[in-house]
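Only one structure is covered here, and it is reproduced in the block below.
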Amino acid sequence: MALIKCEFYSDTLGLSTSMHVILPQQTHNQIGLDNVTGSGLHPTLYLLHGLSDDDSIWLRRTSIERYVASLGIAVVMPQVHRSFYTDMAEGGRYWTFISEELPALARSFFPLSPQREDNYVAGLSMGGYGAFKLALRKPEQYAAAASLSGALDMAPHMNNEEPSALQRDELLRIFGPEFAGSDNDLIHLLKESKTSQGPRPLLYQCCGTEDFLYEENQTFRKACAETDFELTYEEEQGEHEWGYWDMKIQDVLKWLPVPKQG
């Protein structure tokens with residue numbers, strides 16, 4: 001595998017930013033890794049970070065590079081700060097960046113497949129929210145999306161006056177005052193999907209039963225059950241921490257509909 005830290009300028013954000021990229025590499029005498037790569041453009045997993053993290057975190061807290069070696073897929077891990085993958089009311093246009101500019105730039109830099117069936121997105125916590133927002137708003141771009149302990153029902157957080165990791169004043173700067181029923185509201189997007197036409201990405205959702213986001217994961221799960229999305233749901237004992245996510249990202253990789261590399 002090749003690991004690349006890519007620093008680049010974003011016209012959408014109006015600033016320099018970064019992403020970490022794992023690329024398949026066929027090797028013949030490397031000890032300890034079974035590397036696989038195809039002969040064409042690489043299937044790609046966009047792997048999204050959480051609220052307090054950055055584009056290096058999946059590499060620092062898990063063995064993601066080792067986990068994907070035998071799959072022959074690329075992994076793109078972008079930096080979005082505390083944006084909730086949203087065109088912020090007061091801040092950068094991170095939704096436009098993540099949904100439009102980033103895939104185009106990544107494919108211009110690296111040999112990544114543009115085909116829907118070769119593109120997937122996953123993330124933890126805030127990144128789980130971002131992954132499902134991409135799946136629901138851009139279903140023509142992704143074959144599958146996975147949320148690990150995702151912040152999937154944000155409306156209650158918008159009205160929460162209690163001190164927490166998700167401060168109401170910060171969320172207002174991100175989403176603005178009109179959240180419920182907007183394109184940033186995943187529950188609303190699920191309801192809207194009932195009358196929309198087009199492809200349906202496969203969805204994978206997991207959350208630990210001791211996680212502080214467990215109840216809102218149940219809200220999303222129930223809302224999704226009323227649609228025609230195919231949702232794989234898993235839960236087990238676990239909290240909002242990296243031991244759980246390191247375990248579950250391996251399950252996500254087994255679940256992804258990655259084409260066999262020949």
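Quick notes on this one:
- Selection from the range 152-175 of residues that are at pLDDT below 85 and among the charged types (D, E, K, R): 161, 162, 168
- Of all the criteria given as (1) of a type in the set (A, V, I, L, M, F, W, C); (2) free of Cβ contacts under 8 Å to residues at least 60 places away in the same chain; (3) surrounded by fewer than 24 Cβ atoms within 10 Å (Cβ to Cβ); (4) assigned to a loop (DSSP other than H, G, I, E, B), the one not satisfied by residue 36 is (2).
- Only one entry of 152, 136, 203, 189 meets the criterion of being touching a Leu at 6+ places or on another chain (Cβ under 6 Å) and either in a strand (DSSP E or B) or small (Gly, Ala, Ser) (or both), and that entry is 203.
- Verdict on residue 190 being of a type in the set (A, V, I, L, M, F, W, C) and in contact with a helix residue (DSSP H, G or I) (Cβ under 7 Å, 6 or more places away or on another chain): yes
- The range 57-104, residues that are more than 27 Å from residue 260 (Cβ to Cβ), in contact with a helix residue (DSSP H, G or I) (Cβ under 8 Å, 6 or more places away or on another chain), in a loop (DSSP other than H, G, I, E, B) and small (Gly, Ala, Ser): 83, 89, 91
- Residue list for the range 14-33, restricted to those being surrounded by fewer than 19 Cβ atoms within 10 Å (Cβ to Cβ) and in a loop (DSSP other than H, G, I, E, B): 14, 25, 26, 27, 28, 29, 30, 31, 32, 33
- Top-ranked residue of the range 211-262 - restricted to ones that are among the aliphatic types (A, V, I, L, M) and touching a residue at least 12 places away in the same chain (Cβ under 8 Å), ranked as surrounded by the most Cβ atoms within 10 Å (Cβ to Cβ): 249
- For the condition aliphatic (A, V, I, L, M), under 21 Å from residue 214 (Cβ atoms) and within 12 Å of the chain's Cα centre (by Cα), residue 155 does not qualify.
For (1) in a loop (DSSP other than H, G, I, E, B); (2) of a type outside the set (Lys, Arg); (3) within 16 Å of the chain's Cα centre (by Cα); (4) closer than 22 Å to residue 184 by Cβ, each residue gets a yes or a no:
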{"position": "217", "(1), (2), (3), (4)": "no, yes, yes, yes"}
{"position": "223", "(1), (2), (3), (4)": "no, yes, no, yes"}
{"position": "229", "(1), (2), (3), (4)": "yes, yes, no, yes"}
{"position": "239", "(1), (2), (3), (4)": "yes, yes, no, no"}
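- The conditions of being among the aromatic types (Phe, Trp, Tyr) and within 12 Å of the chain's Cα centre (by Cα) are met by residue 85.
The values are calculated or read from the model by the stated rules, or taken from the named source; none is laboratory data. Please read these numbers as outputs of a predicted model, since none were measured by experiment. When we count neighbours, we look across all protein chains shown, and the Cβ atoms used for this are built from the backbone with ideal geometry, even at glycine.
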